[in-house]
Every structure is written in C-alpha cells, then in structure tokens.
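A short worksheet on the structure shown next.
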Amino acid sequence: MRRQAGTLVVLKGCRLSISILSLYFSAKYFGVTIERDVWLLAINVLLIFDMAIWGPINESFRAKFIFIREEEGEKEALQKTSSLLLFTNVVTVVLVLLILWKPELISTIIAPTYKGEQLTFLLFMIRIMAPSFLFNQVNQLLISVLNSYRSIYVPEIAGLISGIVNLILIIILAPKIGILSLVFGYYLSLIFLLILLICQIIFKKIKLFSDIKMIKLSDTKPFILFSLPFFIPYFIGQVALVVEKTISTLLGYGVVSMLDYSRKFSDILTNILLSILVTMFVPILSSHFMKNNIKGFVFELKQIYQFGFLLLIFVVAILTVCPYPFISIIYQSGNISDTALHQISKLTMYYSWSTIAIFFYYIFGISLLSSKRGKYYALYGSFAQVIMILLNLLFYKRLNAYIFPFSLFISHLIAACLMLAKLPYGKRELAKSAMKYISILLSIILLLYSINYYFILLNSAFMILFINIFLLTAILLAALFLFKLDERIILINLYQKVFKKHK
C-alpha cells in the first residue's frame, strides 16, 4: 500500500508543480485585484453549492458501492450507480438554470458590499461559470467509480494533463483577454478531464452505461440514505465557507485573493492527502471491515496514517521556518506589494499548521465511515463547522484575516479528538504515533530555527529555501533511524535492491 501511496504522491507532486506554476502566472498577470477577487468568489460559490448538495454522496459513494458490490453483486452496484449519475445530472442542470436566471440570490450573500461595476462584473462571472457546476459533478462521480475499481492512477494522470492544458491557456490568453483566460482554461480542463475519464471507463470495461433503459429513480435510494448523515455537516461546512467569503469582502478589496494565495499551498497538501485517503484508503478499509479482518484494518490504517504524517512534517517545517523566502519566490514577480507578501507569508505559515488538524479530522472520519460508524463522522463534522463559524464571527474584527487559519485549526482538532475516541480499533496505536510524530516535527522546527538564526546569513530567498530543504531532508532521514520509524524499512529495502544490482 505504501508503494501505491508513494506513486500517487509522485503524481500529485507533478500536479502540485503545475498548480504552483498556475499561481505564479496568476500572481504575475492579476496580482491582488478586484478582478481576481470576483473570479474567486464566482468559482468558489459554485464549488460550495456542489459540495453542499453532492459532497456527502461523492464522499460516501466508494464505501457504499463496495458494500453493494459485496452483498448484491457487481451488476446491481453498477445499475444503481448509473441511476445515481443520471439523477445527479438532472438535478444539477435544474440548479444551473436557476443560477443563470437569478445570480443575485448568490451575489447578495457572498459580496454584500459590492455595488455598481463590481456587482455587475460579479453577476456576469457567476453566470458564465454556472455550467461548470455540471461538468465538475460528473467528473467527481466518474472518478469515484474508477477508484472503486482500484483505478487510482489514471484519474490523477488525466487531472495532470488537464492542469497542463489550463496552465498553457492562461499563459497564452491572459495578456490578451485578462481574467477571462482563467474561465477558458478552467472549462477546457474540465471537458478534457471528462473525456479522459469516459475513455478509461470504457477501456476498463466497466459497464456503467450498458443498461440505460433499466435506470430507475429508486436505485439512487441506497446511496442517498447512506449519505444522509453527512448532509448536515456538509451543509454547515458550506455555510462556513460562505461566512468566510462574506467576511473577506468586508475586510476590503484584495483580501479574498490574499487568502487564496496564502491558503493554496495548504489546500494542495490537504488535497493530496485526502485524495490518497479517499481513492485508496476507503476501498481497502471497507473491504477489511466487511471481511472482519481487524488486523488488516489496523495495519492499513497505521501505514497510511504515518505516511501522511511524514509528508506533513516536511511541508509544515519548511513553511514554518522560512515562509517568506518561499512566498517571495512564487509571487514577487507578480503585481503584489511587499507588505502583502509579508502578510501572505504569515497566513501561509498558519494555514500549514491547520493541515495537521485537517489530516487528523479526515483520516479518523474516513476510518469511521469505512467501519459503518459514519454517523459519528457526520455529528462531529457538524460540530467542527459550527465552532469555526462562531470563531470567525466573534473574532474577525480583532484578528482580521488571521482568524481563518486559527479557527480552521482549532475546530478540526477538537472534532478529530472526538472521532479518535469512537474508532473501533487501533486508538492507542494512533494516539502514540501522533505524539511521536508531533514531537519530531517540533524538534525539527526548533533545530532549523537555531541553524537559521546563528549560521544562515543570506539575502537570497532561493538559497535560504534550498539550504533549508536540504537540511530538513537530512534531518528527517536521520530521524527515521533515530526514532526507529517504520518508514526506514522502505529506505533499507530500496538501498539493498540498488546495492545488489550494482554488486
């Protein structure tokens, strides 16, 4: 499983590189401007609707599909999936038409201070982006189907290619048509991804579209009922995002873009980890649980848990010790002031720490979902979102934009602790591993801070970042053996294979 996760991380790393390049060119052409604020508000509000309405089904689909396939057979599972795909498409089309007709219903909530030209431009952008709602939802379900058949690489490769297409279009079109280049790039990448996913389903001979005449509305019932407990936390979660976007617009023009620039790196890391958890973790854990294989369940859970923590240690340590050099390399050539760069670097550091709480939240929640204890995942997930909303509303005037990473960290950490207590197996092992890896992270950060303070006296942001990455890699490799972490076995095996080949 570690090898599969490693390959997936490499693919995600390639997509990360493309995302960083997209951020670089986005900062270069658009900076911290009202145009980019409007683009972000439009695309995010549609993603919020998608998550609020279909997020629970998308997240729980893989586990339920495997349960149906094990209990009723593959043909029945695919038949129900076809009905679900048609149902979600019809409902989404109706919602898209409603948004096209009355975009004001959205704009007054997310941007109450926008007037005149800003409001007109926001309404235009909401309308032009509305159809992407449908393409995105279809892609999410098709990826879920492929993941259920252990096809984890092709969706990532397809996403990588579509990301490259998006980047090329931004570079070519941004100087000519401005912010609309992001629209063209986004649509083309979604359509390209859809084509690749359909081709892969056909290639894998997954009979998803074979019995269209047999599609029945009642077939969607198992998926909807299974996902029902998650509609409350997802809905509250999207309310939390709307509250965040609304507060961001109240804090002034450019704040939406600034938060997006600073949160992007932690979001990318979270998406990498979540993708591994959802695409690999849910099908494997669900299978172990259905077969009553407790040892297999705990073993796989602990493996991916520790693997994910190592990724977190590397990224969080770098973004804590030298956030400004990292941010300045990515954004300084863009239309962003030095003051804004310093604020973005601080926010980036705080958001990086929030990924630890989010990682705990998702890995424990998905473990509960895979062991048919999804109601606890839903309950504590709702609790986390309510805490986050309250913290944002109570303290945004005092802490300004910094309240968002703090509320994200505190709310998800509390929920994660409550979820850990409800896990059916492996609670003690996971708690001990968490303490060990957090201690390693804090020790590494303290050591890097000391080295930077006393020995690294450079003005070059690139050299500071390069030296810190080199030092962190060396320290982390040493920690694997010093603390006898399980991951050292992978390095030993790799060394032995290479040594034997040369010998």
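Taking the protein heavy atoms of the chain in the context of the full set of protein chains, the accessible area attributed to carbon and sulfur is 69 percent at 1.4 Å. Charged neighbours of Ser107, selected by a Cβ distance under 12 Å, balance to +3 (K, R count +1; D, E count -1).
Taking every alpha-carbon pair under 8 Å whose residues sit at least 6 apart, the chain reaches a relative contact order of 21 percent. Which of rounded, prolate, oblate describes region 226-324, given a ≥ b ≥ c as roots of the alpha-carbon gyration tensor eigenvalues and a/c under 1.5 marking rounded, otherwise prolate only if a/b is larger than b/c? The shape class here is oblate. Charge tally for Asn392 (other residues, Cβ to Cβ under 13 Å; Lys, Arg +1; Asp, Glu -1): +2.
Over the chain, accessible surface divided per residue gives 45 Å², non-protein components excluded, 1.4 Å probe. The simple spin-label model puts a point 7 Å past each Cα toward its Cβ; for Ser460 and Lys207 those points are separated by 6.3 nm. Taking every C-alpha pair closer than 8 Å and separated by at least 6 residues, the mean separation divided by the residue count of region 1-129 gives a relative contact order of 36 percent.
For Tyr396, the solvent-accessible surface computed with a 1.4 Å probe is close to 40 Å², ligands and nucleic acids excluded. For Thr120 and Ile198, FRET efficiency with R0 = 30 Å and r from the beta-carbon atoms, rounded to 0.05? In this case the efficiency is close to 0.20. Taking packing as the residue-averaged number of other Cβ atoms within 10 angstrom, the listed peptides 136-145, 186-195 run from highest to lowest as 136-145, 186-195. Listed by chain and number, the aspartates and glutamates whose alpha-carbon sits under 14 Å from that of Lys346, ignoring those within fewer than 8 places in the same chain, are Asp260, Asp338. Which of the pairs Lys75/Lys221; Lys80/Lys295; Lys264/Lys375; Lys372/Lys436 have their Cα atoms more than 27 Å apart in this structure? Pairs exceeding 27 Å: Lys80/Lys295; Lys264/Lys375; Lys372/Lys436.
The values are calculated or read from the model by the stated rules, or taken from the named source; none is laboratory data. Nothing here was measured: the structure is a model prediction, and the numbers come from that model. When we count neighbours, we look across all protein chains shown, and the Cβ atoms used for this are built from the backbone with ideal geometry, even at glycine. Note: accessible area is taken over every heavy atom of the protein model, side chains too, but ligands, DNA and RNA are not part of it. Shrake-Rupley method; radii C 1.70, N 1.55, O 1.52, S 1.80 Å.
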